[in-house]
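Structure first, then comments.
Read-outs throughout are calculated quantities, based only on the coordinates presented, and are distinct from any laboratory measurement. The structure presented is a predicted model; accordingly, all values stated were derived computationally and were not measured. Every residue, glycine as well, gets a Cβ built from its backbone with ideal geometry; the counts of neighbours run over all protein chains shown.
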Amino acid sequence: MSRLPYRLSVCAKKLVKDYCGEGVTHLLSLEDPGTPKATPDWFRGIHRQLHFHDVDSVQEARALRATAPTEDQVSSILEFGDECRKASQAGPVHLLVHCYAGASRSPAACYALAAQVLGRGHAADALQLVLGLEPDAFPNRLVVSHADKLLQFGGELIQGLKPLRKQFDEAVDDWIKERNPGNPDVQ
């Protein structure tokens, strides 16, 4: 992460233990509601935990009876990023962000954090930083939407996701067609 003032890592919850000995100073846990705070035994830094489900819209949350990420929670993520940036002036900082799978919520938080540092006009660079950390990342759209609003990016962060979402949609379409050969209803 040469363009960020701190080292940023992202992973699935089950892989957090692999970061023991990696100099992690800050830990951000994005958990499902009701998950107890479980700071790893080896970790001696600052641990923040937020609770919300991996849903892309308030409507989806309602339909699934889930808890959507809020603007306040994303604001908390960005505040934690500011804390890391300030702490990096006194020495090396390594922020590890995790969620259950390490594919949606935590990459969305990392995308927001990278954009916060890189500034407007650099959404693509911020997303590339995240994809360099986790090539299979598919950032949570609602987290990104809240970050875009809070950072006053005017839709730039959401626009940055479009190529990734298009690639995903095409892969899903191809997968469906492969499993339904000769079915005229599957186009």
If you line up the long axis of helix 105-118 against the longest principal axis of the chain, both from Cα atoms, how many degrees apart are they, to the nearest 10? 60 degrees
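Let me have the 222 nm mean residue ellipticity of the chain computed from DSSP H runs of 4+ only, each contributing -39500 (n - 2.57), with the sum over all residues rounded to the nearest 500.
Working: 6 runs with 84 residues, N = 187.
The per-residue figure over the chain is -14500 deg cm²/dmol.
Within 10 Å, count the other beta carbons around each residue, average over each peptide in 71-80, 125-134, and list them highest first.
Working: 71-80: 16.9, 125-134: 18.8.
So the order, starting with the most tightly packed, is 125-134, 71-80.
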In segment 1-104, trypsin sites (Lys or Arg not before Pro) in a DSSP loop with at most 14 other beta-carbon atoms within 10 Å: R3, K37, R44, R65
Here the gain from full extension of A12 to Q152, 0.36 nm per residue of separation minus their alpha-carbon distance, amounts to 47.5 nm
Hey, with R₀ at 30 Å, roughly what FRET efficiency would L118 and I176 work out to, going by the Cβ-Cβ distance, to 0.05? 0.25
Taking the chain as the reference, fit the longest principal axis to its C-alpha atoms, fit the long axis of helix 123-133 to the helix C-alpha atoms, and give the angle between the two in degrees, 0 to 90, nearest 10. 80 degrees
Below 8 Å, C-alpha to C-alpha, sequence gap of six or more: please give me the relative contact order for segment 7-179 in percent. 26 percent
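Work through the residues other than Q73 whose Cβ is under 14 Å from its Cβ and net out their charges, Lys, Arg +1 and Asp, Glu -1.
Working: positive: R48, R105, K149; negative: E31, D32, D54, E71, D72, E79.
Once all neighbours under 14 Å are counted, the net charge is -3.
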Need the full-extension length gain, Q159 to R62, defined as separation in residues times 0.36 nm minus the C-alpha distance. One decimal, nm. 32.4 nm
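Let me know the shape class of the chain, please: from the alpha-carbon gyration tensor, a ≥ b ≥ c as square roots of the eigenvalues, rounded when a/c is under 1.5, otherwise prolate if a/b is greater than b/c, or oblate. The partial results should precede the final answer.
On the way: a/c = 1.75, a/b = 1.55, b/c = 1.13.
Cα axes put the chain in the prolate bin.
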Subset of K86/K149; K37/K162; K17/K149 violating a 25 Å alpha-carbon distance limit: K37/K162; K17/K149
